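Beneath this line is the structure, given in structure tokens, with notes to follow.
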Amino acid sequence: MKRIGFLSFGHWTPSPHSQTRTASDALLQSIDLAVAAEELGADGAYFRVHHFARQLGSPFPLLAAVGAKTSRIEIGTAVIDMRYENPLYMVEDAGAADLIAGGRLQLGISRGSPEQVIDGWRYFGYDPEEGKTDADMARRKAEIFLDFLGGDGFAEPNPRPMFSNPPGLLRLEPHSQGLRDRIWWGAGSDSTAVWAAERGMNLQSSTLKNDEGGLPFHVQQAKQIQAFREAWKAAGHKREPRVSVSRSIFALVDDRDRAYFGRGNQAEDSIGYIDETTRAIFGRSYAAEPDALIAELKQDEAIAEADTLLLTVPNQLGVDYNAHVIESILKSVAPALGWR
């Protein structure tokens, strides 16, 4: 069995060719797609967070709304950019959203990717410490977030409070028991995957990573997952970790699929630079008739290593079509691969 969910970037554009033309469209359709995915038997509804962009930028209201409208499906992010976050405020937001969802939150966090503006976190009031990088700042904020998410008291109570306090030091509220074990780190390199394992976070690996060795993307990603699991075991954590990978996968089962994705674009890995010094490898997309698609996916070593697969969806094509994309994978592909 493999958990299968969707990952939406929540794009919107006023283009007449888009079915998601406003921020309201993107948010409300995200909720509707999560409801539809749950009805289809999918396991997860995940959302990407980008700032200064026509995409989903403020995840917790959306996560809470999805949690209130669904009852079973996992609800998550992939990923929240920690450079922009106040980790203590985030503990409160995450606790509230998880309680509304009944403990179904799966929160992916990371340093994030290049954003739409230069050093956008500075506009949010954050700067790295002297001699530190923005990546250092993100990892430090993640550690603070994890520490306070555990629920231990740390704040000295007012001796004359407005409301009565429980005894001892006070913690952030609302606290959601068990959420600490449902935090994931989006790792772009082998070393950050190891760093995440050492700190007891699950692993999210997307469709790009640092090019470390020149091997095909799925092979490099599988090696990253193996390094993560080895580091997890060495750290002595009590529970089993989870690992997700994301992919663009389209089963061509009708004329709409063939018109949108039947041209074979992006059927190979590609190489690029995500900043001036970081060479990255971008994983291929998959689009084929079900039998051919099954044969191709059998060769993907990283999917085989992961327990969770997130299907990146073309959200601007509308809720109905994206539900069809998910259903096609669940029914036409997953059973033959042993995922269902």
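For this structure, a couple of remarks:
- Global geometry of region 1-151, whether rounded, prolate or oblate, following the gyration tensor of its Cα atoms and the 1.5 cut on a/c: oblate
- Estimated distance in nm for a label pair at Ala235 and Asp275, the labels positioned 7 Å out from Cα along Cα-to-Cβ: 2.3 nm
- Kyte-Doolittle mean at least 0.5, axial Cα span of 18 Å or more - DSSP H helices of the chain: 23-40, 87-100
- Taking the chain as the region of interest, the number of lysine pairs whose Cα atoms are within less than 20 Å, with members eight or more places apart or on different chains, is 8.
- Test item: Cα-centred dipole of the chain, Lys/Arg +1 and Asp/Glu -1 on Cβ, debye: 480 debye
- Theoretical gain in end-to-end length, Arg180 to Ser58 [0.36 nm per residue, Cα-Cα removed]: 41.9 nm
- Using the Cβ-Cβ distance between Ala304 and Glu173 with R0 set to 35 Å, the FRET efficiency from 1/(1 + (r/R0)^6) comes to roughly 0.25.
- Extending 7 Å from Cα along the Cβ direction at Arg340 and again at Gln226 yields two label points whose distance is 3.1 nm.
- Our estimate of slack between Asp136 and Glu289, defined as 0.36 nm per intervening residue step minus the Cα-Cα distance, is 50.6 nm.
- Extension gain, Asn265-Ser24: 0.36 nm per intervening residue step, less the Cα-Cα distance, totals 83.7 nm.
- Between Ser113 and Lys331, the simple spin-label model (points 7 angstrom out along Cα→Cβ) gives 3.1 nm.
- Taking Rg and Dmax of the Cα atoms in Å as calculated from this structure, the corresponding entry among (i) 19.4, 60; (ii) 20.3, 70; (iii) 23.2, 80 is (ii).
- Order by protection proxy (mean Cβ within 10 Å, highest first), peptides 288-299, 4-15, 139-150: 4-15, 139-150, 288-299
- Global form of region 238-316, assessed from the alpha-carbon gyration tensor, a/c cut-off 1.5: oblate
- Between Asn158 and Asp254, the C-beta separation translates, for a Förster distance of 51 Å, into a calculated FRET efficiency of about 0.20.
Values in this text are rule-based calculations from the coordinates and carry no lab data. What you see is a predicted model, and the numbers here were worked out from it, not measured in a lab. Virtual Cβ from ideal backbone geometry, glycine too; neighbours counted across all protein chains shown.
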